[in-house]
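To start, the structure under review is shown below, and the notes come after it.
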Amino acid sequence: MLGIKRLGLLAVLVLVGLAPAAAAQAAAQPSTQDTQYLQALHQVNLAEITMGNLAQQKGQNAQVKDLGKQFVTDHTQLDQTVKSTAQQLNVQLPSEPTADQQKVISRLNGLSGAEFDKAWVTAELAGHVQAIQATQTEISQGSEQSVVTLAQDALPVLQAHLDALTALAQTLGVPVPQTSASGTPSPGGSTTPAPGGTESTAPGGTESPAPGGTTEAPAPGTTETPAPGQS
């Protein structure tokens, strides 16, 4: 009898010991918002690294080449944190950019010279505006602190890229999306679904994919920018 009681006590102790571990594992499960943001930001990074390399290879403007090099460096570093965070949270990351991002990359591959420069800046502007929107959404709605912290660290990097792109766009005569000081669209600007969502309308009425994605941009100067409040 005594042996049976001891075995029962041991079983209880084992179960009690496992309970906190199980609870911690359950608590570590990221929300859908956190998961989709990690996946979307990873795809942004993959696309930006590829497009940054293209800018260095095919760009005619020196600033395009320099920005491309900077984007490769920054997005490579950012993606290291994304992959580390995803691994800790058991989040599976995509192996390639979104279909829309791949279309843009394919289109840029077929361009050269000044035409490439303008198309690259146009695509990068749209992508960074949406990446910033998605990052701000994660900061305000994310529940996993490690992912929220990642978004907080990513935001100033993405904003610096957008600022540099905006200045370059003005130099090249490329239309710039209407944005507020914080990088979010002004009234009448673009709307973006939650990370990992579907295509949405970007500034000027062109279609853009979810966070960081870009679609084939019209020739510079052909996109009409809506007045504030106009969709």
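Between the amide H of S31 and those of S143, E144, distances stay under 5 Å, these residues lying 5 or more places away or on another chain, with hydrogens modeled in the peptide plane.
Karplus-based coupling profile of the range 58-72, in residue order and whole Hz: 10, x, 9, 7, 4, 5, 5, 4, 5, 5, x, 5, 5, 5, 4, with θ = phi - 60° in 6.51 cos²θ - 1.76 cosθ + 1.60 and x standing for Gly or Pro. Residue-wise HN-Hα couplings along the range 94-110, as the Karplus relation 6.51 cos²θ - 1.76 cosθ + 1.60 with θ = phi - 60° gives them from phi, are x, 9, 8, x, 5, 4, 5, 5, 5, 5, 5, 4, 5, 5, 5, 4, x Hz; Gly and Pro carry x.
As a proxy for reagent exposure, ranking I49, I139 by other Cβ atoms within 10 Å from fewest up yields I139, I49.
Counting beta carbons within 10 Å around each of L54, L38, L46 and listing the fewest first gives the order L54, L46, L38.
Footprinting exposure proxy ranking of E96, E124, fewest other C-beta atoms within 10 angstrom first, gives E96, E124.
Each value in this text was obtained by applying a stated rule to the coordinates, not by laboratory testing. All values reported here derive from a predicted model rather than from experimental measurement. Here the Cβ is made from the backbone with ideal geometry for all residues, glycine too, and neighbour counts use every protein chain on show.
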